[in-house]
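Structure first, then comments.
The values are calculated or read from the model by the stated rules, or taken from the named source; none is laboratory data. The structure presented is a predicted model; accordingly, all values stated were derived computationally and were not measured. No Cβ is skipped: glycine too gets one built from the backbone with ideal geometry, and neighbour counts run over all protein chains shown. Note: areas computed on protein heavy atoms with side chains; ligands, DNA, RNA excluded. Shrake-Rupley method; radii C 1.70, N 1.55, O 1.52, S 1.80 Å.
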Amino acid sequence: QVQLVESGGGLVQPGGSLRLSCAASGFTFSTSTMSWYRQAPGKERDLVARITNTGRNTNYADSVKGRFTMSRDNAKSTVYLQMNSLKPDDTGVYYCNAEQPSLYGGVKSYWGKGTLVTVSS
């Protein structure tokens, strides 16, 4: 059974920091590209950050570059999102996503249930 369990969300003041974690199980984590998405109230779910299976390459949305850092620990099957200098616009539900290459081509995509981040004074 595939599970992606996010944690670390909460209420933080503007300029503060949070560290999100996503613990994975039930699939081959070490071969999977992992991503964090964000869905703000009333808006679509957007990509925030992505990391390759080895962790050597990361990509970020322009809105979070220089403030957010995504990392992974393949030994623990966990990815992280360090969020610094948080702004009210960072408010939303943060979802963990896994894309596992399929033996028959393409990818299998899995989602967590999300963790809420609220940036407000």
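Here are some notes:
- Accessible surface of the chain, 1.4 Å probe, proportion on carbon and sulfur as whole %: 46 percent
- Binned Cα-Cα distances of the chain, short to long, each 5 Å bin given as a whole percent: 2, 12, 23, 25, 19, 11, 6, 2, 1, 0
- Selected from G66, G15, G42 as most flexible by GNM, with the chain as the system and alpha-carbon contacts under 10 Å: G42
- Take L116: with every protein chain present and a 1.4 Å probe, its accessible area is about 100 Å².
- All lysines inside 24 Å of K43 as judged from Cα atoms, apart from same-chain residues fewer than 8 positions distant: K65, K87, K113
- Among S71, S30, S102, residue whose mean-square fluctuation peaks in a GNM of the chain (springs only between Cα atoms under 10 Å): S102
- The largest accessible area among D73, D90 belongs to the first residue in D73, D90, and the rest follow in falling order (1.4 Å probe, all chains).
- Residues S121, S17, ordered by accessible area of protein heavy atoms at a 1.4 angstrom probe radius and largest first, appear as S121, S17.
- Ranking D62, D46 from most to least accessible surface, computed with a 1.4 Å probe over the protein chains only, gives D62, D46.
- Convex hull projection area averaged over all views, region 44-84, Cα basis, nm²: 3.3 nm²
- When the Cα positions of S109, N97, S77 are compared along the charge dipole of the chain, S77 comes out farthest toward the positive end, with charges on each C-beta of Lys, Arg, Asp and Glu.
- Accessible area per residue was computed with a 1.4 Å probe on protein heavy atoms; E99 scores about 50 Å².
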